[in-house]
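Since every read-out is calculated from the coordinates, none of them should be taken as a lab result. Given the structure is predicted, the values throughout are model-derived calculations rather than measurements. Cβ: placed from backbone, ideal geometry, glycine included. Neighbour counts: every protein chain shown.
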Amino acid sequence: MVGLTALAQRAIIVGLRYAVVLALSIAFSSSTAAAQVGRAARDSTVPQLDTVVVTPNRSATSIRTSTVAVSAVPASLIRALPFRSLGDALTIAPGIAVVDASSLGGSPRIIARGFYGGGETDYVPAQIDGVPIAALGTGAVDWTMLPLGAFSRLELVRGATSYIHGDAALGGTLNTLIPILPGELAWRAAGGSYGVADAALGAASNFAGFAGGIAGDYRRSDGYRLDENSAAWNVLAKIGPGEATSRASAAGVTSGSVSAINAFVQLHGRDFKDPGPLPSTTADPRARNSFFRFDDLSDRVDRAGIIGIRETPTAKYSGYLVGEYASSRAVKTLPLSTDFADTKLRRTTAPRLLTSGQIELGDDVPGEFGRLVAGVDASAGRLSSRYSDIVAGDATAYAASDGSAGPEAAPSKATRTLLAGFMHWQLRPIAPLRLSLGARVDHIADKFAPSDPSTDSERKTNQAVSPRIAVNVALPASTRASTNVFVSTGRAFKSPTLDQLFDDRRIPIPVAPFSATVSNPNLVPQHGTAVEGGLYQTWIVGGGSRLDWSGTLYQEKMRDELDFDVNTFRYVNIGRSVHRGGELGLTLEAPAHWTAFGNFTQQQVRAENGQFDGKQLKAIPRRIASAGANVTFWRGLTAGIVASYQGGAFVDDANVVPLAGLTRLDSRLGIPFGRARMTIDLTNALNRRYDATAFPDPAGSPTIYRYPAAGRVLILGLESR
């Protein structure tokens, strides 16, 4: 990759030294996680084995013995329910609100424990097999980059996880695991209302001692609103060790060493037109904002890397090395008032290199050393950006424009390098008690060279220390019930993104100095202190059914929280805020017959200083609920249903304009045909009319800009069983 600084080169060298061999990352090695299941099973007399997750501690841990709030959702459940993207599927996890500016879904904005990036950034870092995918410039996750049909399990850790995952992990961390499953062949094709079309194909096989797999998907729609066409596609290819090595690793070989190296290539693209937020003065919910008639985004992300693991009788080493090249062409409008806007074309390129290495020592055995995980993460990337003017002015100016771009300005260049070291130690002084100690140090260095050569370059360096201490206690168990209680406290942080700091898009204004930027190089990282406590309980009920439920209470106090100020039209640090809430989640399962779930969250996100002291932060709901089930009937006939609710949000920081709550019902009926299955989906089955979110006019008028959702949508599909 070009433009790597000396710091980045040293970071990569250090990362490679910590990895004996670059191999399957700890998050990728779901087969390795299976080797820990036997150990987890010894901790409870409940006969069923607990789900093992790798994301909370970057090592295999039973959910009930973890010291954080974590949800693990199998792909089989998500594929049985009527979701159009993996981000949409997060509605079934407690503590998560999904807001979709796209009227038909598929482009979600995630609110986790009241942290909301407004579609410009994210507070839930997303990973594929443990490798981060958030964009270099914005920190935003392109949720269409996560293949809906290719993963085996989704792991969502809620709350502050900077102690192990670093920057931006304030609301949680999401990881999707995509193993190679030889002999698998899966496909799906679907189409429906508003030009909706989906197709997916995945296959894997063994050959010459190796296992290889390839998966691809394509999604498109014409949109509910005028000029809302969208399309996205993925191709993911992997090659790794054959079945013999995989079986040895899954069996937990201790008499020798097991090594595995996996290589992958992922190609991703998307294109969509944005009809813009709709002014409240426009009655037709399908209309386009006239200022947004040129808005369009087309981007591409190509990735390739190796991910691997080496296990010996005394230690496990893992790591990855991934190269990425992202490019984008975006026409974007900023509505400065109800009668004035500015539209520009931006072209970007962003090469990036990411690497990580870690070592895991010890075991989860009472009275012994415990389990120690330590390692480093490093990355380096460069964002090059060019702007061109298209049109600025009132409705007359936009009506006269043909959307042609003017001359390109000189490029601006921003670089970011990250070097981080982390350590997590879990020990058991006595059998029921697990003590968890962790810390991470992140060093982030940014450099910016503006497009105007007469303007000085900028340099910023931020360093954050994120310690954490937690405890998990297993209460006395029986053959039918088992309970674990946990308490934790720690620190978390989020650094301003490159775009928040340095984006040099000039916004025309009618008074001196005649232009401004939404970026703010004076931004500082936001920091928070989190405290949470909760419990996990498992009951074995009649007929072999199992009930798992969890409850969590949390508080996260933030200072210098990053926000977009519509009054100054600029990113600012808003001072202090507090995020408090309670989450309840349950899953009831009768194997091979049905699965039911329910979640409820009550939260409060409040400013603690400044003009809006004591007010709730805008656009964040106070109540979130979801419930659903997937049931198998006679001869394989299936029915899936999801009901969701959000309410209690305000459009503005002054809490004067409430945002109406929304309730929707989605359903899927599956009808078997031999080895295939026909699906009938109804999204928003009750045909409710609602706005997904809204924001006030930046110029201060009573007008509200809103994002109306589509009514009922019918989708017919055919897929493999």
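List, in order, the whole-Hz ³J(HN,Hα) value for each residue of segment 570-586 obtained from phi through the Karplus relation with A = 6.51, B = -1.76, C = 1.60 and θ = phi - 60°; use x for Gly and Pro.
Per residue, the Karplus-derived 3J(HN,Hα) values read 7, 6, 9, 8, 8, x, 10, 8, 10, 10, 10, x, x, 10, 9, x, 9 Hz.
Just the C-alpha atoms of segment 578-659: what Rg/Rh do they give, with Rh taken as the Kirkwood radius? List each step's numbers first, then the result.
Numbers: Rg = 18.4 Å, Rh = 15.0 Å.
Using Cα coordinates only, the ratio equals 1.23.
Would you kindly derive the ³J(HN,Hα) couplings of segment 485-499 from the backbone phi angles with the Karplus curve 6.51 cos²θ - 1.76 cosθ + 1.60 (θ = phi - 60°), listing them in order in whole Hz, with x for Gly and Pro?
Result, ordered by residue: 10, 9, 9, 8, 8, x, 10, 9, 8, 9, 7, x, 6, 4, 5 Hz.
Please list 129-136, 587-594 highest first by mean number of surrounding beta-carbon atoms within 10 Å per residue. The partial results should precede the final answer.
On the way: 129-136: 23.0, 587-594: 14.9.
Descending packing order for the listed peptides: 129-136, 587-594.
Tell me, what ³J(HN,Hα) does each residue in segment 438-444 have, in order and in whole Hz, if you take phi through Karplus 6.51 cos²θ - 1.76 cosθ + 1.60 with θ = phi - 60° and put x for Gly and Pro?
x, 7, 9, 10, 10, 10, 10
Order these peptides, 162-169, 475-482, 374-381, by their mean beta-carbon neighbour count within 10 angstrom, highest first.
Values: 162-169: 26.5, 475-482: 14.0, 374-381: 23.2.
The most tightly packed comes first, giving 162-169, 374-381, 475-482.
Which of the peptides 336-347, 460-471, 666-677, 615-626 is most tightly packed, and how do the rest follow, going by the mean number of other Cβ atoms within 10 Å of each residue?
Put in order of decreasing packing, that is 615-626, 336-347, 460-471, 666-677.
With n ≥ 4 as the cut-off for DSSP H runs, can you work out [θ] at 222 nm for the chain, using -39500 (n - 2.57) per run divided by the number of residues, rounded to the nearest 500? Show your work: numbers first, answer last.
Values: 8 runs with 52 residues, N = 721.
Computed mean residue ellipticity for the chain: -1500 deg cm²/dmol.
For a Förster distance of 30 Å, can you work out the FRET efficiency between the beta-carbons of A639 and D222, rounded to the nearest 0.05? Before the final figure, lay out each step's value.
Working: r = 28 Å, r/R0 = 0.94.
E(calc), rounded to 0.05, equals 0.60.
Want the number for A516 to H593: 0.36 nm per residue separation, take away the alpha-carbon distance, what's left?
21.7 nm
So how tilted is helix 6-18 from the main axis of the chain? Cα-based, degrees 0 to 90, rounded to 10.
Once rounded, one gets 20 degrees.
Sort V73, V578 so the one with the fewest other Cβ atoms within 10 Å of its own Cβ comes first. Don't skip to the end; give the middle numbers.
Numbers: V73 20, V578 16.
In increasing order of surrounding Cβ atoms, one gets V578, V73.
Give me the percent of Cα-Cα pairs in segment 6-720 that sit more than 48 Å apart, rounded to a whole number.
Above the 48 Å cut-off, segment 6-720 has 12 percent of its Cα pairs.
Using all Cα-Cα distances in segment 137-252, what percent lands in each 5 angstrom bin from 0 up to the longest?
Here the calculated profile for segment 137-252 is 2, 9, 14, 15, 15, 14, 15, 9, 3, 1, 1, 0.
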